[in-house]
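Trainee: Quick one: the structure is below, questions incoming.
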Amino acid sequence: MELAPIDLSGVDPRTAKGATTAMLARVDAAIATVNDDRRPLLEVYREHTVSELLEPDMDRVLATLVEHPHYEAYGGARVLGVPPVLDGMDEVRRFYEAIFAAPPDTRGLDIRALVVDSDTLCMQGRVVIPISSLPAAPDFAPGVDRERLGFALLHACVVFPFDGTRIVGEVQYYDDQIRPDGVVYVD
């Protein structure tokens, strides 16, 4: 399912919530068009995203996972504070505790494509980060004017394997830095 990019011109540059809300409307439209064994995966992915990014809720996000989830992260994930490997519910719970303790609305999603089969969902898109929330690492966002209002867009691809209707984990791939075309100023 190919999805058009989100227009960020009307989104508050101090929050990424608007981008995620716009993206979820598009996921809802995709769910409405699928009436086979892929639909439950899309619905669980939606719940996972809502409970992680829009309405942070530990019980809800963990309810989307198998008993022993496994996460892997590559590329720019280290700058975003994502450990390279999370193995088991205790490590995954600590990861989400750290996400939920961070200032609200510091990350969003702009999904460009979703590929779904009967046991895997793959999301390709961009993580939307308000410029004011960018990590301090200077080589992560070269050339970004941190005094301006806007968003940095980090290209990402995340694979979600499923066991039935539960997410087994995530394999996350990120660019190592914000690309020059990955900045949207709104001031």
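Trainee: Of ILE111, PHE151, VAL61, which is farthest along the charge dipole of the range 17-185 in the positive direction, counting Lys and Arg as +1 and Asp and Glu as -1 at C-beta?
Mentor: PHE151
Trainee: Please give the helix 89-101 orientation as an angle from the longest Cα principal axis of the chain, in degrees from 0 to 90, rounded to the nearest 10.
Mentor: The angle comes out at about 40 degrees.
Trainee: Separate question: At a 10 Å Cβ-Cβ cut-off, how would you order SER118, SER132, SER51, fewest neighbours first?
Mentor: SER118, SER132, SER51
Trainee: With the dipole of the chain worked out from charges on the C-beta (+1 for Lys and Arg, -1 for Asp and Glu) around the Cα centre, which of SER132, VAL92, ILE178 lies farthest toward the positive end?
Mentor: SER132
Trainee: Give me the dipole magnitude in Debye, nearest 20, for the chain about the Cα centre, with unit charges on the beta carbon: positive for Lys and Arg, negative for Asp and Glu. Walk me through the intermediate numbers first.
Mentor: Numbers: 17 positive and 31 negative charges, 83 e Å.
Computed about the Cα centre, the dipole is about 400 debye.
Trainee: For every other residue with a beta carbon closer than 9 angstrom to the beta carbon of VAL85, add +1 if it is Lys or Arg and -1 if Asp or Glu, then tell me the sum.
Mentor: Spelling it out: positives minus negatives among the neighbours equals -3.
Trainee: What's the magnitude of the charge dipole for the range 34-78 around its Cα centre, counting Lys and Arg as +1 and Asp and Glu as -1 at the beta-carbon? Answer in Debye, nearest 20. Don't jump to the answer; show the numbers that get you there.
Mentor: On the way: 5 positive and 10 negative charges, 39 e Å.
Dipole about the Cα centre, nearest 20: 180 debye.
Trainee: A further question on this structure: In whole Å and largest first, what semi-axes does the C-alpha gyration tensor of the range 17-185 yield when each eigenvalue is scaled by 5 and square-rooted?
Mentor: 26, 18, 14
Trainee: Output wanted: per-residue J couplings in Hz (rounded whole) for the range 171-185, from phi through Karplus 6.51 cos²θ - 1.76 cosθ + 1.60, θ = phi - 60°, x for Gly and Pro.
Mentor: 10, 10, 10, 10, 4, 6, 7, 6, 6, x, 8, x, 10, 10, 8
Trainee: Another question about this same structure. Can you say what percent of the DSSP beta bridges in the chain, counting only those with both residues inside, are antiparallel? Round to 5. Show your work: numbers first, answer last.
Mentor: Working: 32 of 39 bridges.
Within the chain, antiparallel bridges account for around 80 percent of the total.
Since every read-out is calculated from the coordinates, none of them should be taken as a lab result. For clarity, every value in this text was computed on a predicted model and none was experimentally measured. Don't worry about glycine lacking a Cβ; one is built from the backbone with ideal geometry, like all the others, and counts go over all protein chains shown.
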